[in-house]
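Written out below as structure tokens is the structure these notes cover.
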Amino acid sequence: METACCFTPWKSKCFIQALTAKIMLRQLGIANTLYLGMDRNGRKEIEAHAWLRCGELIVTGGRGRERFTTLGKFTD
């Protein structure tokens, strides 16, 4: 997914990657879960992150997700 994002004419950040993968897996009938999280990172600024899990496999956004507090989960 990250390789394909290099060729899009827009910025493909974590949410776009996770949402695109979710739609693709849904079309194939493969169950998955989209996670939305946030972290203050020790400052007043809020950082957001999205990642997609399919079974035990993290499909997108796996790097660094441990530091984010999960705010929502969306499962097929």
With the first residue restricted to segment 36-48 and required to be open to solvent by less than 70 Å² (accessible area, probe 1.4 Å), and the second required to be modelled with pLDDT under 85, Cβ contacts under 7 Å at 6 or more apart or on different chains are Glu47/Asn41
The condition of being open to solvent by less than 60 Å² (accessible area, probe 1.4 Å), at negative phi and modelled with pLDDT of 95 or more holds, among Cys54, Cys14, Cys5, only for Cys54
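How about segment 46-56: which of its residues are under 14 Å from Leu36 (Cβ atoms) and not in a strand (DSSP E or B)?
Residue satisfying the conditions is Ile46 alone.
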Within segment 57-76, residues open to solvent by less than 30 Å² (accessible area, probe 1.4 Å) and assigned to a strand (DSSP E or B) come out as Thr60, Gly72
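The values are calculated or read from the model by the stated rules, or taken from the named source; none is laboratory data. Small disclaimer: the values here were computed from a predicted structure and weren't measured. Don't worry about glycine lacking a Cβ; one is built from the backbone with ideal geometry, like all the others, and counts go over all protein chains shown. Areas reflect the complete protein model, heavy atoms only, side chains present, ligands, DNA and RNA absent. Shrake-Rupley method; radii C 1.70, N 1.55, O 1.52, S 1.80 Å.
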